[in-house]
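**Q** Okay, handing you the structure first.
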Protein chains: 2
Amino acid sequence: MDTEHIQLAHGGGGQLTAELIEHVILPALSGVEAEASDVQQAGRLTDAASLDLAGGSVAFTTDSYVVKPLEFPGGNIGKLAVCGTINDLAVAGAVPKALSFALVLQEGLEMELLRRVLASAGRAAEKAGATVVTGDTKVVERDALDGIVINTAGVGEILPQAKLGFDRIADGDRIVLSGPLGEHGMAVMSMRQGLNFSAELESDCAAIHGLSCSLIERLGSAVKFMRDPTRGGLAATLVELSVGTGRDIEIVESAIPVNRTALAAAEMLGLDLLTVANEGKLVAVIDAEAADEAVAILANQEIASRAAVVGTVGQVRQPDAPALVEMVTRVGGRRVVQMPYGQQLPRIC
Amino acid sequence: MDTEHIQLAHGGGGQLTAELIEHVILPALSGVEAEASDVQQAGRLTDAASLDLAGGSVAFTTDSYVVKPLEFPGGNIGKLAVCGTINDLAVAGAVPKALSFALVLQEGLEMELLRRVLASAGRAAEKAGATVVTGDTKVVERDALDGIVINTAGVGEILPQAKLGFDRIADGDRIVLSGPLGEHGMAVMSMRQGLNFSAELESDCAAIHGLSCSLIERLGSAVKFMRDPTRGGLAATLVELSVGTGRDIEIVESAIPVNRTALAAAEMLGLDLLTVANEGKLVAVIDAEAADEAVAILANQEIASRAAVVGTVGQVRQPDAPALVEMVTRVGGRRVVQMPYGQQLPRIC
C-alpha cells in the first residue's frame, strides 16, 4: 500500500482514518502520539470536546461535509451539515446552542442550488432551536473543487445530569439503537449508482438531540455513552466502544430494526449495512435496568419509533483475548464485527 | 453580469461577498433579510459572535482556508488556519481558548506535505496558548479538489473589560494600525506570479491576540473597535467601519507604515496595497486621548514594532452626503477609498 500519499480510504471513518488521526494528525496538533490501537484516542479528537469555559461545561465540535450528490432523497448537504454537527453535540450530552456555517463554493455553482441548500440548512437549524451565529464564504476556481464544501462547528451546553464516558460502562449494560441502519449511506449510494428504487429510499438525515436530551433528562446516569453511527456505521461505533472499554460486545441480528429497501440496496451493492453511514440514528449504552425504559422514551419520538435493545456489553468468552464485537446471526451462527478498513464509496457525508 | 452563478469575486471579501451574504446567505440561515447597504449586518455574520453561554461571555468564530499555494514564504495553510481564527477571536476582545481543525484532503496528496502543514498548525496553536480540541478528516477524489481545505472554528472568553462596538465610536477617535500592509497577499501573489523577489517577501501570518489583549487590558473602554484586515485589506475594514457607524474616516497615506518589497510587488501587479490581504495585522479604533499609548503598547511587541496612528474618525465635510473613507495622499491630494468589488486573485487565504 502507498503510505506516502493520501488515499480515499483515509477519509472513510474506518481503520485507515483512525491511523491517520493517531499517527499524523494528533501528534502534530496535540503533541501526543497515541497508541496504534487506541481508537479511543482518535475518538477524543473527532467528536465533541468538553470545555470548562466561562464557568460552565461547554461542548464544542466540528465536521466538514463533502457529500455527493449535493442533493439526495431526504436532504441535501446543507441539512446534513446542520444535523450532523447538532448530532455530535447531542451525543456529548449537550443542548445545541450555536452553529457556525462556512462555505467553500465552486466558481460557476448555480445560485438556485445554493439557495436550496441554504434554505434547507436554515430550516434544520430553526427546527432544532440552534442559531447560526457566525460564518465564512470562500470561492475557488471551477477546476479546483467539485461543488460545495460546508463546515459547521457547534457549541452547546452540557446537561448537568450527563455522566457519559467509556469508564462508566460495565458488563451487562445494554446497547440501544434508535432505528434501522444504513438509510443515509444507501440513499446516497443508490442515487450515485443509478439504482431504480433510489427515490423510495430516503436518507435518515435528522437532528437527534431530542432523543439524547430526553434520555439524559429522564434516565440521568443510567445513560453511559452515546454516539451517532455515521461514517463506518454501527460497526465502527461498536468496535470503538469495545476497544475503548476493553470489553466484548454482543449484538443480535434479529433485534436490529431493518429498512427493507436499504437492505435490498446493500445486498445489490455487496455491502454490509452494519458498516453503512447513518445521519439520524442514536446508539446508547444504557444500564440494563433502564434499557426498556430507554427504548420506550426513544420510541415516543417519530424518528426513533423503531428503537430497540440490540445488544449487550461484556459477554466475555475468552478472558485473555482482545475484546471483540460479535453478532449472533439470524441463522444462529456468530460472526465477528470488524472496524471497516476504508469505505465503500467516498463522499457519503 | 451573470447573477445566477457563483463567481470568484463572490469570495473576495468585497462588495460582492457582502451582497451574497446579505441577500442569499443571511436570509436563509437567520431568517432576516439585511438592507442592501448594511455591510455591518454582513459583518455580524462573518466575524466572531458573542454568546451568553454557561453563565459567561464566549466568542465563537469560523473560517475556511483555501490558500494556494499551500506553502508560501512565512507560512502555510496550517499556520494560516490557526492564526486566522485566533485573530477573529482576538478582535472580538476574547482570549482564544480552544480550536477545532477540520481537513478536507485531495486523494493523492503527499503525506509529507500534510505533515508539514499539521506541524506548522500545531506550533502556531501552542505558541498562542490555544488547544486544538476537536477535528474532522474527509478525503475527496483526485479530480474533486485541488489540494487541501482547512476549516478552523474557535471559542474564546471575552475579556470583561472589552467594550467594543460600532455604537461606541465617536468623531475624533483615532485609527491605529499595527504595521505595514499587504505582506500576506503580496507574498502569496508574488509566488503565484513567479516574481523573482518572492522569496524576500514573507507573509505576516501571525496570531495577534497578544496585541488585542494588551490593548484591552491596559486601555479598557478606550478601545472601541478592532478588526484584522484580511480579505479586502484595510480598505474593506475602513469602509465597513464607515458604513456601520455612518461616519467619515480620513487616513493619511504618509502615516501608514510601508514594506517596500510588498509595495514594489503591488506596483508591478497594478494593485492597491490598501485592498490587499493581511494575516497578522490589527486595526483598532481608539479614543483620541489614548491613541499614543495604544501605539506604544503595540510597538512594544515585535509583530507590531511599526504601529502607528494612521487616521481619524469623523472628518465630515458634507453633512448630508453618505459617509466616506478618504485618504490624504503623499502628494497632498485626496482620494476616496472604496470597498474592493471582487478581488485581484482568488485563494489568498
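The values are calculated or read from the model by the stated rules, or taken from the named source; none is laboratory data. None of these values were measured; they are calculated from a predicted model. We place every Cβ from the backbone using ideal geometry, glycine too, and count neighbours over all the protein chains shown. To get the accessible areas, we keep the full protein, side chains included, count just its heavy atoms, and leave off ligands, DNA and RNA. Shrake-Rupley method; radii C 1.70, N 1.55, O 1.52, S 1.80 Å.
**Q** Kindly give the distances from residue B:4 to its copy-mates, label point to label point, with each label point 7 Å from Cα along Cα→Cβ, as nm values to one decimal ordered shortest first.
**A** 4.9
**Q** Let me ask another. Residue-wise, which Karplus ³J(HN,Hα) couplings in Hz belong to the range B:59-68, taking 6.51 cos²θ - 1.76 cosθ + 1.60, θ = phi - 60°, and x for glycine or proline?
**A** 8, 9, 8, 8, 8, 9, 10, 10, 4, 9
**Q** Provide the per-residue ³J(HN,Hα) series for the range A:237-248, in order, calculated from phi with Karplus coefficients 6.51, -1.76, 1.60 and θ = phi - 60°, each as a whole number of Hz, with x at glycine and proline positions.
**A** Per-residue couplings from phi come out as 4, 6, 5, 4, 5, 5, 5, x, 9, x, 10, 5 Hz.
**Q** Same structure, new question: Can you list the residues, at least 5 places off or on another chain, whose amide H is less than 5 Å from the amide H of residue B:53, using H built in the peptide plane?
**A** B:58
**Q** Give me the orientation-averaged projected area of the Cα convex hull of the range B:118-259, in nm², one decimal.
**A** Working: hull surface 48.3 nm².
So the mean shadow area of the Cα hull is 12.1 nm².
**Q** Moving to a separate point now. Give a residue-ordered list of calculated ³J(HN,Hα) values for the range A:72-85 (Karplus: 6.51 cos²θ - 1.76 cosθ + 1.60, θ = phi - 60°; whole Hz; x for Gly, Pro).
**A** These are the phi-based 3J(HN,Hα) values: 8, x, x, x, 8, 4, x, 4, 4, 5, 6, 5, x, 6 Hz.
**Q** Give me the distance in nm between label points sitting 7 Å out from Cα along the Cα-to-Cβ direction at residue A:260 and residue B:171, one decimal.
**A** 7.8 nm
**Q** Cα centroid distance between the range B:73-97 and the range B:141-181, in Å?
**A** Cα centres, the range B:73-97 to the range B:141-181: 8 Å.
**Q** Taking every residue in B:147-156, how many Cβ atoms of other protein chains lie within 10 Å of its Cβ, on average? Walk me through the intermediate numbers first.
**A** Values: counts 3, 1, 10, 2, 13, 4, 14, 4, 9, 2.
Mean number of neighbouring Cβ atoms from other chains: 6.
**Q** In whole percent, how big is the carbon plus sulfur part of the accessible area of the range B:49-109, probe 1.4 Å, protein atoms only?
**A** 45 percent
**Q** How far apart are the residue B:299 label points across copies, placing each 7 Å from Cα toward Cβ, in nm, shortest first?
**A** So the label point of residue B:299 gives 7.5 nm to the other copies.
**Q** Next question, about the same structure. By average Cβ neighbour count within 10 Å, what is the ranking of B:14-20, B:181-187, A:22-28, B:203-209 from highest down? Working shown, then result.
**A** Details: B:14-20: 22.6, B:181-187: 29.6, A:22-28: 20.6, B:203-209: 25.7.
The most tightly packed comes first, giving B:181-187, B:203-209, B:14-20, A:22-28.
**Q** What's the average, rounded to a whole number, of partner chain beta-carbon atoms within 10 Å of each residue's beta-carbon in A:93-103? Don't skip to the end; give the middle numbers.
**A** Values: counts 0, 0, 0, 0, 6, 6, 5, 11, 6, 11, 7.
Mean number of neighbouring Cβ atoms from other chains: 5.
**Q** Per residue of B:7-17, count partner chain C-beta atoms within 10 Å of its C-beta, then hand back the mean as an integer. Mind showing how you got there, number by number?
**A** On the way: counts 6, 8, 2, 9, 9, 3, 2, 0, 0, 1, 4.
Partner Cβ neighbours, averaged per residue: 4.
**Q** Another one. Ignoring ligands, DNA and RNA, how do A:60, B:166 rank by accessible area with a 1.4 Å probe, largest first?
**A** Values: A:60 0, B:166 30 Å².
So the residues, ranked largest to smallest area, are B:166, A:60.
**Q** Quick one: net charge around residue A:245, please, counting Lys, Arg +1 and Asp, Glu -1 for every other residue with C-beta under 12 Å from its C-beta.
**A** Numbers: positive: A:168, A:224, A:247; negative: A:167, A:171, A:173, A:240, A:248.
It works out to a net charge of -2.
**Q** For the pair B and A, how large is the buried accessible area, both sides, in square angstrom to the nearest 100, if the probe is 1.4 Å?
**A** 6500 Å²
**Q** By per-residue mean of other Cβ atoms within 10 Å, what is the highest-first order of A:188-197, B:233-242, B:122-131?
**A** Listed from highest to lowest mean packing, they are B:233-242, B:122-131, A:188-197.
**Q** Write down the Å³ per residue value for the convex hull defined by the alpha carbon atoms of chain B.
**A** 149 Å³
**Q** What does the copy distance list look like for residue B:112, label position 7 Å along Cα→Cβ, in nm and ordered from shortest?
**A** 4.9
**Q** Determine the dipole magnitude for chain A: charges of +1 sit on the beta-carbon of Lys and Arg, -1 on that of Asp and Glu, nothing else is charged, the reference point is the Cα centre, and the result goes in debye to the nearest 20.
**A** Working: 27 positive and 44 negative charges, 141 e Å.
The dipole of chain A has a size of about 680 debye.
**Q** Let me ask something additional. What is the sum of charges around residue B:345, taking Lys and Arg as +1, Asp and Glu as -1, for the other residues whose C-beta is under 14 Å from the C-beta of residue B:345? It would help to have the intermediate numbers written out before the result.
**A** Values: positive: A:138, B:68, B:192, B:231, B:347; negative: A:107, A:141, B:272.
With Lys, Arg at +1 and Asp, Glu at -1, the neighbours total +2.
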